[in-house]
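Take a look at the structure below.
The values are calculated or read from the model by the stated rules, or taken from the named source; none is laboratory data. Fair warning: this is a prediction, and the values are worked out from it, not measured in the lab. Quick reminder, even Gly has a Cβ in these numbers, built from the backbone with ideal geometry, and neighbours come from all protein chains shown. Side chains included, ligands, DNA and RNA excluded: accessible areas come from the protein's heavy atoms. Shrake-Rupley method; radii C 1.70, N 1.55, O 1.52, S 1.80 Å.
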Amino acid sequence: MIQEKIKVVISDLDGTLLNSDHKISEYTKTVFQELHNQNYLIIVATGRHHLDAMPIVECLGIPLYLVTSNGARIHSPAKELLFSVNMESDAVKSVLSLEIDPEITTVLFRENVWQTNKHNEKLNSFQTELNYHPELVDFSTVEDLSAIKVFFTHETHSKLLELRDQILENHSSLFSHAFSLPLCLEFMDKSVDKSVAIAKILEKENLLFHEAIAFGDGFNDENMLKSTGKGLIMGNAPDSLKDKLSHLEVILTNDNEGVAKYLSQKILKTHTSEVE
């Protein structure tokens with residue numbers, strides 16, 4: 001039985017643990033609190049900035065490891081920074097100096113703030129827990145462009161594909177990249193991936209990937225889903241991801257509390273009405 005093998009529960013946030021209103025449901029909170037009571041190790045792995053993700057996961061009311069910016073930061077259950085890696089300023093500058101379509105929103109994740117070239121209401125709507133708006137800047141005037149992550153968004157996926165190819169043409173050796181959503185293209189240091197960060201946590205806790213179950217909905221979850229003993233794809237994930245990882249099971253959508261319902265039915269050691 002899968003239940004007997006699993007000691008670690010790993011979940012993405014957006015499109016996975018969060019519903020379409022970017023919230024964690026009360027039912028999901030109850031399930032995760034029961035997981036903690038049953039001594040499962042909990043890891044949340046997200047592309048979000050740590051300042052944004054921390055108040056979201058705090059509402060679960062349990063200690064957990066937090067992987068943010070797709071693996072560029074790891075915080076312990078005590079909120080101690082365990083690992084960090086940045087993109088060097090010159091590398092970021094060489095990307096931002098390209099002729100990027102002005103319709104594309106560019107965001108730089110810095111340690112204590114994120115900066116952007118334009119106001120984007122849809123993007124801001126994701127940041128429900130932040131008490132500040134992104135800082136509007138002209139990147140050509142910023143001397144130090146070292147960053148945790150560079151993020152591009154546009155309503156047309158094809159425009160982002162063109163930008164991806166444009167950047168990779170001369171920077172493939174510097175960066176890793178992923179589409180967290182079809183309309184969200186992200187670049188990080190070459191060493192950064194959620195699965196790499198998770199491996200560091202598992203080593204610290206003397207646990208193995210085959211003892212972990214993972215949930216995700218984006219291409220930035222791909223290696224994480226493939227590495228764990230059981231990878232589950234959300235029903236709301238892009239068809240292209242489902243096709244690419246066709247050997248993995250697809251579960252209910254984020255709006256149908258797919259993560260919590262699967263964990264309640266398959267993982268929790270006592271299947272009681274308290275978590276139904």
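Tally Lys/Arg at +1 and Asp/Glu at -1 over every other residue whose Cβ is under 10 Å from the Cβ of S227; what's the total? Spell out each step's value before the answer.
Working: positive: K194, K226; negative: D193, E222.
Computed value for this residue: 0.
What is the local net charge at H75, summed over the other residues whose Cβ is closer than 15 Å to its Cβ (Lys, Arg +1; Asp, Glu -1)? If you can, show how the numbers build up before the last one.
Numbers: positive: R48, R73, K79, K194, K200, K204; negative: D52, E58, E80, E111, E205.
Spelling it out: positives minus negatives among the neighbours equals +1.
May I ask what percent, to the nearest 5, of DSSP beta bridges between residues of segment 126-276 are antiparallel?
Numbers: 10 of 16 bridges.
For segment 126-276, the DSSP antiparallel bridge percentage is about 60.
Net charge around D101, counting only other residues with Cβ within less than 9 Å of its Cβ (Lys, Arg = +1; Asp, Glu = -1)? Don't skip to the answer; put the middle values down first.
Values: positive: K159; negative: E99, E103, E162.
Here the count lands on -2.
DSSP beta bridges in segment 52-191, what fraction antiparallel, as a percent rounded to 5?
Numbers: 25 of 27 bridges.
Around 95 percent antiparallel, to the nearest 5.
Looking at this model, which pairs from K5/K200; K79/K244; K230/K261; K23/K79; K244/K269; K29/K118 are more than 24 angstrom apart at the alpha-carbon? Kindly include the intermediate steps, with their values, before the conclusion.
Working: K5/K200 20 Å; K79/K244 35 Å; K230/K261 15 Å; K23/K79 21 Å; K244/K269 32 Å; K29/K118 35 Å.
As for pairs spanning more than 24 Å Cα to Cα, those are K79/K244; K244/K269; K29/K118.
Going by Cα centres, segment 235-267 and segment 152-194 are how many Å apart?
24
Run the 1.4 Å probe and let me know the accessible area of H247, rounded to the nearest 10 Å².
Surface accessible to solvent at H247 totals approximately 130 Å².
Based solely on its DSSP helices, what 222 nm [θ] is calculated for the chain when runs of n ≥ 4 H residues each add -39,500 (n - 2.57) and the sum is averaged over all residues, nearest 500 deg cm²/dmol? Could you put the intermediate results ahead of the total?
Details: 10 runs with 85 residues, N = 276.
Result for the chain: -8500 deg cm²/dmol, rounded to the nearest 500.
From largest accessible area down, sort K93, K261; use a 1.4 Å probe on the protein chains. Provide the component values of the computation, followed by the final result.
Numbers: K93 85, K261 65 Å².
Descending order: K93, K261.
Gaussian network model of the chain, Cα springs within a sub-10 Å range: biggest mean-square fluctuation belongs to which of N220, N117, N39?
Largest GNM mean-square fluctuation: N39.
If you take every DSSP beta bridge fully contained in the chain, what fraction is antiparallel? Give it as a percent rounded to 5. If you can, show how the numbers build up before the last one.
Values: 25 of 44 bridges.
Bridges in the chain that DSSP calls antiparallel: roughly 55 percent.
Using a 1.4 angstrom probe on heavy atoms only, work out the carbon and sulfur share of the accessible area of the chain in %. Walk me through the numbers before you get to the answer.
Working: 5910 of 12390 Å².
That share works out to 48 percent.
Can you give me the solvent accessible area of L268 with a 1.4 Å probe, rounded to the nearest 10 Å²?
We get 10 Å² for L268.
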